[in-house]
Amino acid sequence: MQSLWLPQAVCNRIDQTCHCMLWAKSDNTRFWSPVSWDVVTQSKKLGCLGVSEARRVNVSLLGKLVWDLLSAPQKPWVQLLSNLYLHGDFILCAQNKRGASPIWSSIIKALPSLYEGFKPHLGSSTSSLWYTDWSGNGLWCGKVPFVHIADTNKKVADCWVSGEWSFNALYTVLPTELINSVQQLSVVNSPLGLDHFA
């Protein structure tokens, strides 16, 4: 469960076992449960039991692997997977490859569920706008036909003005979908450290 994507049938069976543990009677007769499964799986802070659904647990455990890929490049298994499958790309933009290991395939299956929790953190804002993956969408130089020579040294700070994005000073024409995707990102200001996506 920690390193592999469980089939939905297995997750359903685990959830069913949890149902039986909570609601089973000794004589195995049918009965009405006092609360629904949706209520049981809500947070303890809301006064519920906080039982986690198997799929959510599976995705969160795979998310720990993604976090290690982002923040612990010194680990041997991170170096191995990065060299085999990423080739310098960002993990949240990674694609599954034919013949990939089951662990890599599992990580890729969990990415859509995990992507929502990651946001760009603007630190010193000295990262290159074009040649650093500060937004989590991949390198911007690959998303435009060409980078205008006057824009090659532009930093993230040049476009983040007074708490909002401003691309008017750029000579490079940005695709509308790229501008829209960046405008929808919620940005966290972290005054210390480098620009990163976490």
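Please treat every number below as a calculation from the coordinates, not as lab data. Everything numeric here is computed off the predicted structure, so don't read it as measured data. For neighbour counting, all protein chains shown are included, and Cβ atoms are generated from backbone atoms with ideal geometry for every residue, glycine included.
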*Give the calculated FRET efficiency between D158 and W37 to the nearest 0.05, with a Förster radius of 45 Å applied to their Cβ-Cβ distance.*
0.35
*May I ask you to order 62-70, 146-154 by the average number of other C-beta atoms within 10 Å around their residues, highest value first?*
62-70, 146-154
*When the Debye formula is applied to the Cα atoms of segment 57-117, each taken as the same point scatterer, what base-10 log of I(q)/I(0) results at q = 0.13, 0.17 Å⁻¹?*
-0.29, -0.50
_segment 57-117, dipole about Cα centre (Lys/Arg Cβ +1, Asp/Glu Cβ -1), debye to the nearest 20_ = 180
*asked:* Checking the table K109/K154; K75/K97; K97/K154; K44/K75 against a 32 Å threshold on Cα-Cα, which pairs fail?
replied: K109/K154; K97/K154; K44/K75
*Treat each spin label as a single point 7 Å out from the Cα along the C-beta direction, and report the K44 to Q79 distance in nm.*
3.9
*Approximate spin-label separation L22-I103, in nm, with each point projected 7 Å along Cα-to-Cβ*: 3.3
_Potential lengthening between H87 and N168 on full extension [0.36 nm per residue; Cα-Cα distance subtracted]_ = 25.9 nm
*asked:* Given R₀ = 25 Å, what would the calculated FRET efficiency be for V51 paired with Q2, taking r from the Cβ atoms and rounding to 0.05?
replied: 0.85
*Treat the count of other C-beta atoms within 10 Å as a stand-in for reagent exposure and order Y85, Y171 from fewest to most.*
Y171, Y85
